[in-house]
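Student: Before I ask anything, here is the structure I am working with.
The values are calculated or read from the model by the stated rules, or taken from the named source; none is laboratory data. The structure presented is a predicted model; accordingly, all values stated were derived computationally and were not measured. Neighbour counts run over all protein chains shown; Cβ positions are idealised from the backbone, glycine included. To get the accessible areas, we keep the full protein, side chains included, count just its heavy atoms, and leave off ligands, DNA and RNA. Shrake-Rupley method; radii C 1.70, N 1.55, O 1.52, S 1.80 Å.
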Amino acid sequence: MTRGPRERAGRPRRARIPVRKRLLVRLLIASVLIAVCSVAATTWLAIETTTRALKEEQGQALADDMDILARLSGYAATHPDWRDVRATVRALSARTGRRIALTTADRTPLADSAPPGTSLPPRAAATVDPLHTDTYSERGAQRTGIDPRAVGPYRLTTRERTALDGLARIRQRCLTRYGLATTVTRVPSGRPVVTEDTGAVGEADLDATDCADGRLNTPTPTEEKALRALQEQAGGCLTRLGLGGTPLYLVVDVTEGLVPAVAAKFSSARDTQALHTAQACVDNARRAQLDPYVAPVAELFLGGGAGDAPPRFDMSPANKAKVAGAAGLVLAVTVAVTAVVATRLVRPLRALTEAAQQPPEAHARVPVTTRDETGILAEAFNDLAERRERLEAQRKALVSDIAHELRSPLTNIRGWLEVTRDGLVDPDPQLLSALHEEALVLQRVIDDLRDLADADAGTLRLHPEPVPADELIAQVAAAHRVAADTAGVTLRTRADGTPWLDADPVRLRQALGNLVTNAVRHTPRGGMVTLTAGREGDRVVLEVADTGSGIAPEDLPHVFERFWRAEKSRSRRTGGSGLGLSIVRHLVAAHGGTAEARSTPGRGSTFTLRLPAGTTPRDP
């Protein structure tokens, strides 16, 4: 069966989207590119960072090892034994996180940061010997190989230190007068040394050599005693080497570290071999002189037990392959997850597109399959479709209701005028009064429609002024009291204080009047209608309550709709035009307030208006 041109034209043709512009394809391409870039960048950063970290860790480990050796060498240089070294070992181990163990040459434990019974590494990391070391020096490696902190008999007494400190201050003040910036430092033996600051020497007008009086560098009695002993021991060495008749000079150098540094010279030039031999004798004599004052030689062990392998500090090919494999796996997972997510995202969007392309009269609905933003969009689309359907129904009903409201009075007026024109009825006062009543009905309908049109267009004009709520409800009650008395309904007011409003009194009387008219109309004889005014926080509450027939629960949500009436017959004997409550809602909304209704069938209804409170003119 073939379709005709009209039938094919009435059905919307779906536009075909190119593959490269489809949301799914674009999302996949974007996700893959982002994943590739992020994974590649992450991998590169991980490799670079890990390699750099390993190098830094290696350098830090070496620096820690050197620091441990220097600290222990300093302890050995200043203590005659290892008896109290355990506290130093524990402190170094806690700071560096390394295991530190000290043993004698035959591996007898001296101190160990590990629990007792832990096996030692197979090889010692270093030998701690302050008399044969080059690991510690404020000026680099020591020429003699003796730790400068090993001072032994060269340590100055307190009196000698005090005297030298005074001489150092005198020297420093003298150099300052010549424009030379100096600093006083102290060598391990306690001797002060005056040195010039680097780059701080200015152009002196006078010669500063007179400041060097030689008193500060003159050996103290303690140092002279140690130097004489050193010279005697060195002389024996020279005699054994066949250099006994050679005069020996010991020169004190207070800036060379150990207290003082010592060199040997001959009175006449000899060959270089003899000079080196003499220097070796002096160094050996110094070691022998210092040996009673330093701790014995010890072996230093660092790290774990015998079964521990040395740490690797470089990125092996296997580790690099693992990183690359993990990156590929992450990329594959990212693509798969992106494809699944993209498919789930596109499916409801495609359904939305198809529903939106349907003609307006179809009122298509979209199934809500997700609870994310797409699901919310689908729910909003369904709400719009329902609202459009409801508005379309209201529009049709509005046209029908307006025609009905206008047709009835116009039909009556036309009928009476025709029979009067034909002479069948005389134009007496009673007829004219009936025609006038029908004209007033038309006028009220037109006025209500005009008010609703102004409210919809936002051109409803208000003239706000301070209005006391108690006087407002009193005026409304007075205007409707005659109609209430005629219907046999009691009309009363009740005010809680004197709440004030900044509102248009004419429009508020119109809104309250519509509510009172409805309440009187639906309240049987002997019933009561009550107008109440009060304040709740920053709101003024106006209520119109009746003891009438009430409103059914299924009808209550529609009471403020235009032309809505519970009586479907639309008889004017039981209801008005159906515009009064809609006008009430628009007038209250124009004042920034809200209108609501609650009712119990058979017991009455209550309409509540909540409006912004105004400033009391009587307030200071």
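Student: I need the full set of residues from segment 176-198 which are surrounded by 15 or more Cβ atoms within 10 Å (Cβ to Cβ), at pLDDT below 85 and more than 57 Å from the chain's Cα centre (by Cα), in order please.
Tutor: Tyr178
Student: Only one of these is at negative phi, at pLDDT 85 or above and part of a loop (DSSP other than H, G, I, E, B): Thr523, Thr517. Name it.
Tutor: Thr523
Student: Only one of these is at pLDDT below 75, among the polar types (S, T, N, Q), assigned to a helix (DSSP H, G or I) and open to solvent by 30 Å² or more (accessible area, probe 1.4 Å): Gln475, Gln443. Name it.
Tutor: None of the others qualify; the one that does is Gln443.
Student: Follow-up question, since we're still on this one. Return yes or no: is Leu175 in contact (Cβ under 8 Å) with a residue 24 or more places away in the chain and farther than 30 Å from Ala76 by Cα? Steps first, please.
Tutor: Details: in contact (Cβ under 8 Å) with a residue 24 or more places away in the chain: yes; farther than 30 Å from Ala76 by Cα: yes.
Spelling it out, Leu175 is indeed in contact (Cβ under 8 Å) with a residue 24 or more places away in the chain and farther than 30 Å from Ala76 by Cα.
Student: I want to confirm something. Restricting to segment 478-514 and keeping residues that are in a loop (DSSP other than H, G, I, E, B) and more than 14 Å from Ala590 (Cα to Cα), which single residue is most open to solvent (accessible area, probe 1.4 Å)?
Tutor: Of everything passing the filter in segment 478-514, Asp496 is most open to solvent (accessible area, probe 1.4 Å).
Student: Here is a list: Thr158, Thr108. Which entry is under 25 Å from Arg286 (Cα atoms) and either of a type in the set (Val, Ile, Thr) or in contact with a His (Cβ under 6 Å, 6 or more places away or on another chain) (or both)?
Tutor: Step by step, each of Thr158, Thr108 is checked, and only Thr158 is under 25 Å from Arg286 (Cα atoms) and either of a type in the set (Val, Ile, Thr) or in contact with a His (Cβ under 6 Å, 6 or more places away or on another chain) (or both).
Student: When the residues of segment 368-400 are narrowed to those that are part of a loop (DSSP other than H, G, I, E, B) and open to solvent by 90 Å² or more (accessible area, probe 1.4 Å), which ends up modelled with the highest pLDDT?
Tutor: Thr369
Student: Please pick out the residue among Arg169, Arg161, Arg123 that is surrounded by 15 or more Cβ atoms within 10 Å (Cβ to Cβ) and at pLDDT 85 or above. Can you show your working first?
Tutor: Details: Arg169 fails: surrounded by 15 or more Cβ atoms within 10 Å (Cβ to Cβ); Arg123 fails: surrounded by 15 or more Cβ atoms within 10 Å (Cβ to Cβ).
After applying the criteria, what remains is Arg161.
Student: Does Thr222 satisfy the condition of being at pLDDT below 80 and β-branched (Val, Ile, Thr)?
Tutor: no
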